[in-house]
Structures are given as structure tokens and as C-alpha cells.
Amino acid sequence: MERGQGKPAVLCLHGLFGSPENWQSVMEELEDEFHLISLFLPLHYRDGVLSSKTPTIDQLTVYIADFLSYKGIDKVAICGNSLGGQVAIDFSRRFEERVKALILTGSAGLLERNLAGGKFIRVSRKFIAQQAAMVLFNPSIITPAFIEDIYATLSDRRQRLFLVRLAKAASNFEVKSLLPQLKGPVLLIWGRNDRITPPEVAYEFLAGLQRAELAFIDSCGHSPPLEQPRLFGKKLRHFLKNLHLEQ
């Protein structure tokens, strides 16, 4: 998904069960001023991009670098939610010269609570609805269509195995030692009611980064761009405009 023509270019990355549409409302909030791209990460075995080997954060980072080169975009402000946050951190570390700023929201990489508690689960619509209620503060987002979309994905055994492998690779990619290496400006936008990466995780990110600021959004869980797009967009706009003035 792509909207707007302004600067800087803003690349948005979704989480493990997310999609580019998670950023749609934020993009609509900001398209009058910035160039926004929400990239579909290859988190499905059928995409053929990562299916030949165990997927890694490293592969996703290279995928993004190749995409930006294909688009002819030299520098971006990169936003990441959950797994997308881990990828954004790795990209910011490895391609520092291509990153104007980093925005993390409910980022994985330090602590992310396992919804299933490490137990085997039998996929059902009821289970998906229960877990979604843990992730999202606003129950109105959890529509039958929302549940059905995730159920269709998890009903495919090969896709389930692929996601398990990817989740394991992500859990092994710990970012605490990487944070001090990030020299550019960072904005942390966190849901006050996030139960997957709770507020104390946001404070841990803040303590580990050189140039970071933290903003909380009330009545919001693990996915602020999806749950509170207007407030998220307002905070992101303020950060990017101040960044432009500083530069």
C-alpha cells in the first residue's frame, strides 16, 4: 500500500499476524504531508521468498533493503509493530545510512508474552477470538471477518509450521545488545493497555536507546496503528515534523 508524495518516506512494517491494511488509517491521516508505504512482509510459505529455509530476521531485513532499492528510495523513517519492530531495529542497525528515524510500537525483541503459554493449541475460531481479545483492547475490531481471516491462515498445516519456525527465529533474535548501537532518533509509541509487550517493556527500550522518546496511548493494546490510528498519526506527525526542522 502506498499513499502521499511528501518527505520523508515512511515505511511501515506489520507483525506476525498483521497485514499492510493495519496501517491504512494511519496512512490516511498522514498522506497529505508524507510518502507512506506499508509493505507486505513475506510471512507465508507460499510466497516462495523464505520457504526454502528457516526464516530469519536477517532475511526479512535484506528483503526490505532490496524493496527500497527497487523503489529507488534512499532513506526512510521506518515504523515497526511487534515482529515488524524487530525487523526495523535490525534494518536500522545494518543500514544506518538509509534510516532517517526509527518508530517502534509494541515492538518484539525484548519481551513478548506467549499467548498459548508454550502449550499445544487446537486451532478454532473461539480460540482465535480469545487470543485476539488479549492482543487488542478494543473488542469492536474483532469482527467475524477478522477471526475468519486468521482462522483460514492457521487452518493450513504448512502455514502453521512456517509461522512456528518464524516465531522461534524471532524469539531467538534478542535486541537488547543492539539498542545502544542505534544512533539516530527513535520514537516509541506504546499502548497503555498492551498485555503482550507491556508498558515496562517500553521503558526498557527507552533505557537502552541513545536518542529516544516515549509516548503512551490510553485505551490501546498491542497494535496502536490499528486500534488508535488518529492518535498514533498525530504523535507520528509531530515527531516527523520536528525531525525535519532539526535536519
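No value in this document is a laboratory result; all are computed from the given coordinates. Remember, it's a predicted structure, so these values are computed and weren't measured experimentally. All Cβ positions, glycine included, derive from the backbone under ideal geometry; neighbour counts span all protein chains shown.
Tell me the angle of helix 144-154 to the major Cα principal axis of the chain, expressed in degrees between 0 and 90 and rounded to the nearest ten.
Here the helix axis deviates by roughly 80 degrees.
Which value, in debye to the nearest 20, describes the size of the charge dipole of the chain about its Cα centre when Lys and Arg Cβ atoms bear +1, Asp and Glu Cβ atoms bear -1, and nothing else is charged?
660 debye
Quote the FRET efficiency, to the nearest 0.05, computed for residue 5 versus residue 157 with a Förster distance R0 of 41 Å and r equal to the Cβ-Cβ distance.
Calculated transfer efficiency: 0.40.
Placing +1 on the Cβ of each Lys and Arg and -1 on the Cβ of each Asp and Glu in the chain, which of 19, 196, 88 has its Cα farthest towards the positive end of the resulting dipole?
Sorting the options by dipole projection puts first 196.
Evaluate the distance, in nm, between pseudo-label points positioned 7 Å from the Cα of residue 59 and of residue 75 along their respective Cα→Cβ axes.
Modelled inter-label distance: 3.2 nm.
Helix 57-71 versus the longest principal axis of the chain: what is the Cα-based angle in degrees, 0 to 90, to the nearest 10?
Relative to the chain, helix 57-71 is tipped by roughly 50 degrees.
Give the residue from 110, 224, 182 lying farthest towards the positive end of the charge dipole for the chain; charges sit on Cβ (+1 for Lys and Arg, -1 for Asp and Glu) and the dipole is referred to the Cα centre.
110
If exposed chymotrypsin sites (Phe, Trp or Tyr not before Pro) are those in a DSSP loop with at most 15 other Cβ within 10 Å, what is the longest stretch of the chain that has none?
My reading of the result: 121-247 is the longest stretch.
With a Förster radius of 45 Å, plug the Cβ-Cβ distance of residue 66 and residue 219 into 1/(1 + (r/R0)^6) and report the FRET value to the nearest 0.05.
For residue 66 and residue 219, the calculated efficiency is 0.75.
Between residue 181 and residue 200, what length in nm is gained on full extension when 0.36 nm per residue of separation is reduced by their alpha carbon distance?
Full-extension gain reported as 4.7 nm.
Report the paramagnetic label zone for residue 234: residues of region 177-202 whose backbone N is under 18 Å from a point 7 Å from Cα along the Cα-to-Cβ axis.
188-193
Taking the Cβ-Cβ separation of residue 16 and residue 241 as r and a Förster radius of 45 Å, what is the calculated FRET efficiency to the nearest 0.05?
0.90
Could you give the length gained by full extension between residue 32 and residue 127, i.e. 0.36 nm per residue of separation minus their alpha carbon distance, to one decimal place?
That works out to 30.2 nm of additional length.
Taking the radius of gyration and the Kirkwood hydrodynamic radius from Cα positions alone, what is the Rg/Rh ratio for region 180-233, to two decimal places?
Checking Rg against Rh, the ratio lands at 0.99.
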